[in-house]
Every structure is written in C-alpha cells, then in structure tokens.
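First comes the structure, then the notes that go with it.
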Amino acid sequence: MKRYWFIGVAGTLITVVILTIVYQLWWGSNKLPTLDRAPSFTMSDMYGKPVSLRDSDGKVRIVSFHYTHCPDICQATNFNLIRVQQKLKEQGVLGDKVLLMTITFDPKRDTEQMLQKYTSSQGIKSEGWSFLRGTQEQTDQVLQGFKVLAEDQGNGIFMHSNNLFLVDGNENIRAIYKMGSSMDNEQIVKDIHNLLND
C-alpha cells in the first residue's frame, strides 16, 4: 500500500514539475523582461495641464521624445505612432488602458502654442496621446532618467538618441524600440497587449 502511495505521489510531483517547465517555456518566454526603471516626472501638456507619469500608473505607456523642428526621424516616428494610436483605439484600449506620451527636448521653442500648431498640422489627435514639455531642468532630468541623448548643435538641430520606450503600469521599462520609418508597429501593439495580459 505504501509503495503504491509513494508511486502516486512521485508521479504527481513529476507531472507538476513537467507542467511547470512547459508553462515557463511557453508563457515565460513570451513575458517581456524588465529592462530598467522609468524616471518619475511631472510636465505639462500643450494646454498647460500638469501631467505626471505616476498619475497614469496602472496603464501601459509609450514614451517617446521629439522636437517640432526635427527634419526627419521625429516626423516619421510620430506618423507611425498615429497608426499605433488608431490601432489601439480600434481595439478599445486607448486612453483607458494605454497612453502615448511624447516629450519635447526643445522646450524653448516648443511652447504650448507651438505644440498645438504642430499636432494640428500633422493630423495628430489628442485622444490618449499627450505632447509634453517642461522647464529645461525638468527636461534634462527626464532625458537623463531614460538615458536619452539630446544635444543642440547650435543651429536649432538636435543630435539625439532614436529610442522610444514601453513602460508598464508600475513604471518599469519593458521594451525599447528604434524610432523612425522602420518602426515595427505590429510588434509594439503586440507587446502592449502582452503587458495588458501580464
């Protein structure tokens, strides 16, 4: 009797171990790693309303950087983010579960009025998407926190990093993407849903 009991317990344990391994290989491999901690910040949107990263905790955030006078990659990035925004809206998660945040690293020229003019000219809708600006000190702190390089070359053109960030509801950076025309919008949306189901 004891022998059959031992075999039964051993069999159950082996089954649990095998199922755990399979679960980790299948589900764990799909789980996005935690790459870094996003810096806390409070800036203002293009209407002067304070926006804090902490205020949107619990939601997935896409954080990107740009400046309105950017001649190339920023424009391509925002064009792709328009597509991501539309897809998230169609899926019913924009605003309630997912937000886009775009921070300027040129607050001197990117005033509230300039950001309003820019978004209007680019056909960018504000639903679930905030364009943010701060003081130069606030901007420098956010750039440093995200490890983003942005240097004014002296002629109004910035040399800058080409990364945008996927931030989970706990302010952890879970993915980093390259900006520009080669952005993988489908992968970004897929990763967002990965976090929503995490």
Inset, instruction - On the protein heavy atoms, probe 1.4 angstrom, tell me the percent of accessible surface of the chain carried by carbon and sulfur. - result: 55
Legend entry - Furthest towards positive pole of dipole, PRO71, GLY169, GLY156, structure part region 36-197, Cβ charges: GLY169
Inset, instruction - For LYS108, go through the lysines and keep the ones whose alpha-carbon is under 24 Å away, minus same-chain ones fewer than eight residues off. - result: LYS49, LYS117, LYS125, LYS147
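Excluding GLY156 itself, calculate the net charge of residues whose Cβ lies under 15 Å from the Cβ of GLY156, where each Lys or Arg counts +1 and each Asp or Glu counts -1. List each step's numbers first, then the result.
Details: positive: LYS108, ARG109; negative: ASP72, ASP106, ASP110, GLU151, ASP152.
Every neighbour counted, the sum reads -3.
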Legend entry - Qualifying aspartates and glutamates (Cα of each under 16 Å from Cα of LYS97; at least 8 residues distant if same chain): ASP55, ASP57, GLU127, ASP168, GLU171, ASP191, ASP198
Legend entry - Cut-off under 5 Å, modelled amide H: who pairs with MET46 long-range: PHE131
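So with the 1.4 Å probe, I'd like the accessible area per residue for the chain, rounded to whole Å². The partial results should precede the final answer.
Numbers: 11270 Å² over 198 residues.
On a per-residue basis, 57 Å².
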Inset, instruction - Binning at 5 Å from 0, report for the chain what percent of all alpha-carbon pair distances ends up in each bin. - result: 1, 7, 15, 18, 18, 13, 7, 4, 3, 3, 3, 3, 2, 1, 1, 1, 0, 0
Legend entry - Electrostatic dipole magnitude of the chain [Cβ: Lys, Arg +1; Asp, Glu -1; Cα centre; debye, to 20]: 740
Inset, instruction - Write down the percent of antiparallel bridges among all DSSP beta bridges whose residues are both part of the chain, to the nearest 5. - result: 60
Inset, instruction - Give the ranking of LEU32, LEU115 by solvent-accessible surface, highest area first, calculated with a 1.4 Å probe. - result: LEU32, LEU115
Inset, instruction - Would you mind estimating how fast region 124-198 diffuses translationally, via Stokes-Einstein at 4 °C and 1.567 mPa s with the Kirkwood radius over Cα pairs, in µm²/s? - result: 89
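The values are calculated or read from the model by the stated rules, or taken from the named source; none is laboratory data. Keep in mind it's a predicted model, so treat the numbers as computed, not measured. Don't worry about glycine lacking a Cβ; one is built from the backbone with ideal geometry, like all the others, and counts go over all protein chains shown. Calculation scope for accessible area: heavy atoms of the full protein, side chains included, ligands and nucleic acids excluded. Shrake-Rupley method; radii C 1.70, N 1.55, O 1.52, S 1.80 Å.
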